[in-house]
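Beneath this line is the structure, given in structure tokens, with notes to follow.
The values are calculated or read from the model by the stated rules, or taken from the named source; none is laboratory data. Just so it is clear, the structure is predicted and the values come from calculations on it, not from any experiment. Because the Cβ atoms are built from the backbone with ideal geometry, glycine has one as well, and the counts that use them run over all protein chains shown.
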Amino acid sequence: MGFIQRTAWRTLLIVTAGAVLFTGCDGIPFDPEEAGFPGPKLARIFNVHIPFPGDVSILDPIFDDIRVYFPYGAPPEDGYPLIIFSGGWNQEALSYNVFAKNLAQWGFVCVLRASPSLGLLNIGSDLFNENRQHVRDVLAWAEEAQLDPSSPLFKSLNLNAIGLAGHSLGGSISIVGATEEPRVAAVVSMDAVFERTNSPHLEPILAHSPPTMHLVAELGGYCTFPPFGDQVITLFNVVQTPMAEVVLKGADHMDYDPLSEEGRFFCPAGTADEVVVRALASKYMVAWFKMHLDPEEKDFPALLTGDSARADVADGYVAIHLNYVPESG
């Protein structure tokens, strides 16, 4: 019995409750259709304005608006781990609602930001440095919110347990950003699998990467796997810190992002059900962050290496590769 059958009953149960109770501080209800990999907690949301440190005036001003997802109820004594999730190239943050919502339901605070860009294929400015700075600005805001009695996050964060995640450009931003902040203890990238051999970021990645999970769309084509293969290096093959590669069978590069229209025009289509792809991606992302940011919860390594993972492999949903020897599960 595979992943979808095993979680269908829980999805129905939590979504039924979430349709009523998963509302933001502004009272806006969430659409429960994209259930992903829901956890046992209810989640809330609020928006905050953190200006992007670059001129993106020709783009949509939503890029300055940050969505913050957090669990309902009192935080644990040491606070909730913090995840900063960066969206793909010029995609609005709302596209990744299901991942942020699921993280909050599993006991994380997730700050969801967009990754604006003015370039593509080395034409124009990709604003990569500005996006890296914006991640640092989000972290600085979180530090202030932790100390602000008027903030919903007052005394709610564990700022010694930080994770970075992202899709495509946002995944690359997360991988590089993790080398610049020693408190980042784990990374999950969605279809950011390589670095250029002449990149100034390659050496820091090789030297300072925390444990990283690469979620890889099997049928992502040139949007996932670069056509200039001799100029890039696949990070899973060279980084020595613990890494996992979860290949999502039949998935394409845009399955992570249900709202994108431009990306679906340019990127090859896959064969998998995109709702299933997002559910699997969310499941393995949650497991990785639980393993590395909340290790006292002992059940989550089994989602990656135990019976649950073996069933997903046997049912043809995923292929899983590890560069370390896992504990038995």
Positions within segment 228-250 being more than 15 Å from Ala319 (Cβ to Cβ), of a type in the set (A, V, I, L, M, F, W, C) and in contact with a Phe, Trp or Tyr (Cβ under 9 Å, 6 or more places away or on another chain), in sequence order: Val232, Ile233, Leu235
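Could you say which residue among Leu159, Leu164 is assigned to a strand (DSSP E or B), of a type outside the set (Asp, Glu) and surrounded by 19 or more Cβ atoms within 10 Å (Cβ to Cβ)? Show your work before the answer.
On the way: Leu159 fails: surrounded by 19 or more Cβ atoms within 10 Å (Cβ to Cβ).
Exactly one residue qualifies, and that residue is Leu164.
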Total residues in segment 193-225, condition assigned to a loop (DSSP other than H, G, I, E, B) and either under 17 Å from Val135 (Cα atoms) or of a type in the set (Asp, Glu) (or both): 4
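Quick check on segment 71-108: of everything there that is in contact with a Ser or Thr (Cβ under 7 Å, 6 or more places away or on another chain) and either within 21 Å of Ser151 (Cα to Cα) or assigned to a loop (DSSP other than H, G, I, E, B) (or both), which residue is modelled with the lowest pLDDT? Break it down stepwise before answering.
Within segment 71-108, the subset in contact with a Ser or Thr (Cβ under 7 Å, 6 or more places away or on another chain) is 75, 79-80, 86-91, 95, 98-99, 102.
Add one more test, that the residue is either within 21 Å of Ser151 (Cα to Cα) or assigned to a loop (DSSP other than H, G, I, E, B) (or both), and what stays is 75, 79-80, 90-91.
On the way: Pro75: 95, Gly79: 97, Tyr80: 97, Asn90: 81, Gln91: 84.
The residue in question is Asn90.
Per-residue answers, yes or no, for (1) of a type outside the set (Phe, Trp, Tyr); (2) within 20 Å of Gly87 (Cα to Cα); (3) in contact with a strand residue (DSSP E or B) (Cβ under 8 Å, 6 or more places away or on another chain); (4) touching a residue at least 24 places away in the same chain (Cβ under 8 Å):
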{"position": "Ala140", "(1), (2), (3), (4)": "yes, yes, no, no"}
{"position": "Ser151", "(1), (2), (3), (4)": "yes, no, no, no"}
{"position": "Lys155", "(1), (2), (3), (4)": "yes, no, no, yes"}
{"position": "Gly163", "(1), (2), (3), (4)": "yes, yes, yes, yes"}
{"position": "Leu169", "(1), (2), (3), (4)": "yes, yes, yes, yes"}
{"position": "Glu195", "(1), (2), (3), (4)": "yes, yes, yes, yes"}
{"position": "Asn198", "(1), (2), (3), (4)": "yes, no, no, yes"}
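Across segment 248-262, what is the total count of residues that are crowded, with 19+ Cβ neighbours inside 10 Å and at pLDDT 90 or above? Spell out the reasoning first.
Residues of segment 248-262 that are crowded, with 19+ Cβ neighbours inside 10 Å, as a first pass: 248-249, 251-257, 260.
Narrowing the set further to residues that are at pLDDT 90 or above leaves 248-249, 251-256.
Residues that pass the stated criteria total 8.
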Residue within segment 187-197 that is among the charged types (D, E, K, R), under 22 Å from Val216 (Cβ atoms), out of contact with any Ser or Thr (no Cβ under 6 Å at 6 or more places or on another chain) and crowded, with 17+ Cβ neighbours inside 10 Å present: yes
